[in-house]
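Engineer: Can you keep this structure in mind? I'll have questions shortly.
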Amino acid sequence: MKKFLALILAILMVCSLAACGASNDAPADEVKEELIMGTNATFPPYEYYDEDGETIIGIDAEIAQAVADKLGMTLTIKDMEFESLLTAVQSGAVDIVFAGLTVTDERKESVDFSITYATGIQVIIVPNDSEIASVDDLAGKTIGVQAGTTGDIYCTDEFGQDNVKQFANGALAVAALQNGQVDCVVIDNEPAKSFVTANDGLKILDTEYAVEDYAAAISKENTELTAKVNAAMEELTADGTIDAIIAKYIKAE
Ligand code: ARG
């Protein structure tokens, strides 16, 4: 009888050891590679904080999550200054930037871009009673922009640095417009709509200042990731996932 009990004990021990072993090397979750996305979460509906003030939501966050899922990776989002994003991806501090980021020839010199997934339009926000009616009226006016954005670059080129006031984000530029510190704000159309909805007395001019493409940025040294992300984004475009994500945040007019 003692021998029998000892045998049972031995079998139990072996079983539990085996189970332990299995649980040590089995879970695929723990070995999943991390995809670190850099963004600047001041840009609704592409990236902004949920009402809880902790979770970054928006079109870019969801597209990045769908890409990470396809690649079997876990997504981590890092919020930083817009102007730090490209350096962060170049230095490897982040793997990818999704930030309503416009593809430009100048940026292409420092990073690689994925396929494009959305169109952005630089528009002009003015107070309802403004005398500014089109791009031609901007000369000599004080223009508010988010520092480092294409709106900043174009306006500085065209109207000179003295006429452009840089802010850390679009909401601050719009607040300065409300205070009369700037005469207008040049910014991407979708955030513009959300800022105008959230603030009384402002409107968006009909004239478009520039039409651009949004894409993700990846280090030039990480061509393997760019290829994988592009393949995933092509599938997500083909099966309608990207359109559905965009439609969830941008209601057709
Ligand atoms: N599309 C503009 C650019 O690339 C503005 C992007 C701002 N994005 C943001 N997440 N704040 O320069």
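Engineer: Among 73-83, 216-226, how do they line up from the highest to the lowest mean number of other beta-carbon atoms within 10 Å?
Structural biologist: On the way: 73-83: 16.8, 216-226: 18.5.
Averaged packing, sorted descending, gives the order 216-226, 73-83.
Engineer: Treating only the Cβ atoms of Lys and Arg (+1) and Asp and Glu (-1) as charged, compute the dipole magnitude of region 132-253 about its Cα centre; round to the nearest 20 debye.
Structural biologist: Numbers: 8 positive and 21 negative charges, 94 e Å.
The dipole magnitude comes to about 460 debye.
Engineer: Run the simple label-point estimate for I115 and Q90 please: 7 Å along Cα→C-beta, distance reported in nm.
Structural biologist: Label-label distance for I115 and Q90, simple model: 2.8 nm.
Engineer: Enumerate the amide H contacts of V123 below 5 Å, restricted to partners 5 or more residues apart or on another chain; note that Pro and chain-start residues carry no placed amide H.
Structural biologist: Residues meeting the criterion, in which the H sits 1.01 Å from N, are I187, D188, N189, Y209.
Engineer: Whose amide H sits under 5 Å from the amide H of V164, counting only residues 5 or more places off or on another chain, with H placed in the peptide plane?
Structural biologist: Excluding prolines and chain starts, which carry no amide H, the hits are I143.
Engineer: With charges set only on the Cβ (+1 for Lys and Arg, -1 for Asp and Glu), what does the dipole of region 100-155 come to about its Cα centre, in debye to the nearest 20?
Structural biologist: On the way: 3 positive and 9 negative charges, 33 e Å.
Dipole about the Cα centre, nearest 20: 160 debye.
Engineer: Out of all Cα-Cα pairs in the chain, roughly what percent, to the nearest whole number, are more than 23 Å apart? Walk me through the numbers on the way to the answer.
Structural biologist: Numbers: 18033 of 31878 pairs.
Looking at the chain, the distances longer than 23 Å represent 57 percent of pairs.
Engineer: Let me ask another. Which order do peptides 49-56, 202-209, 132-139 fall in by mean Cβ count within 10 Å, highest first? Before the final figure, lay out each step's value.
Structural biologist: On the way: 49-56: 10.4, 202-209: 15.6, 132-139: 14.1.
Going from most to least packed, we get 202-209, 132-139, 49-56.
Engineer: Helix by helix, which DSSP H runs in the chain go 24 Å or more along their axis at the Cα atoms and have an average Kyte-Doolittle hydropathy of 1.0 or more? Present the calculation step by step, with values, prior to reporting the outcome.
Structural biologist: Details: long enough: 2-25 (35 Å, 1.42).
Membrane-span-like by this rule: 2-25.
Engineer: Farthest toward the dipole's positive end in the chain, which of G92, G53, L75, given Cβ charges of +1 (Lys, Arg) and -1 (Asp, Glu) about the Cα centre?
Structural biologist: L75
Engineer: If you restrict to DSSP beta bridges whose two residues both lie in the chain, what percentage is antiparallel, to the nearest 5? The partial results should precede the final answer.
Structural biologist: Values: 21 of 35 bridges.
Within the chain, antiparallel bridges account for around 60 percent of the total.
Engineer: Roughly how big is region 177-247's charge dipole about its Cα centre, with Cβ charges of +1 (Lys, Arg) and -1 (Asp, Glu), in debye to the nearest 20? Don't jump to the answer; show the numbers that get you there.
Structural biologist: Working: 4 positive and 14 negative charges, 46 e Å.
So the dipole magnitude of region 177-247 works out to roughly 220 debye.
Readers should treat all values here as calculations from the given coordinates under stated rules, not as data from a laboratory. What you see is a predicted model; the values in this text were computed from it and never measured. With ideal geometry, Cβ positions are generated from the backbone for all residues, glycine too; neighbour counts draw on all protein chains shown.
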